[in-house]
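Take a look at the structure set out below.
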Amino acid sequence: MTQDSQSVDGLVRQRLRALRHAQGLSLGDLAARAHLSPSTLSRIENGQRRLALDQLVTLGRALDTSLDELVEAQSDEVVANARNDHGMDALRWRIRHSPDSVVLRRRVTGPPDASRMRAHPGREWLVVLSGTLTLLLGDRRLRVAENQSAEFDTMLPHAFGAEGGPVDVFMVVDPEARKGHRRDTDE
């Protein structure tokens, strides 16, 4: 067995045990769901029994996860550095498992401007880290205070601004909404 296959093997065994514990299942509970004996399951988790593909499929189903999720190689990429997103005057982080979604940290200083309201497909989620944000959403004017969040469908015309001083906002923008923001900055 190569070192890579040994590390994947060990990772799969760790994931099986971790998923079982996270779901509050005993060895007996999971073994019954997967039609295995508790001792067989114990030996699989402890590396004393070979991992068989058919058993992994059955265990994945019993744990309500896919075979892909059980055997996917672990990425070395854990910590990500922010990049400047000059189009939005923000810091931007990529979400590894959803590379077209982004996480942004923006500092908003000006008041909301209804003339800049835009609509585009997608969803956005934001949380105010400091200050108070005014969110213009359709015909509504919402106040989002520190430690409050907002989530909305970006097909509603929207814009936001600072109320009474600078506001730091943390946002998650899905792929469709991100495309809309790119178009907005191209104007």
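Each value in this text was obtained by applying a stated rule to the coordinates, not by laboratory testing. Keep in mind the model is a prediction, meaning the values are calculated, not measured. Please note: Cβ atoms are built from the backbone with ideal geometry, for glycine as well, and neighbour counts cover all protein chains shown.
Among 125-133, 63-71, the peptide with the highest mean count of other Cβ atoms within 10 Å heads the list, and the full ranking is 125-133, 63-71. Between Ser26 and Ala52, the modelled labels are 2.5 nm apart [label points 7 Å from Cα along Cα→Cβ]. Between Asp64 and Arg140, the distance separating the two model label sites (each 7 Å from Cα on the Cα→Cβ line) works out to 3.0 nm.
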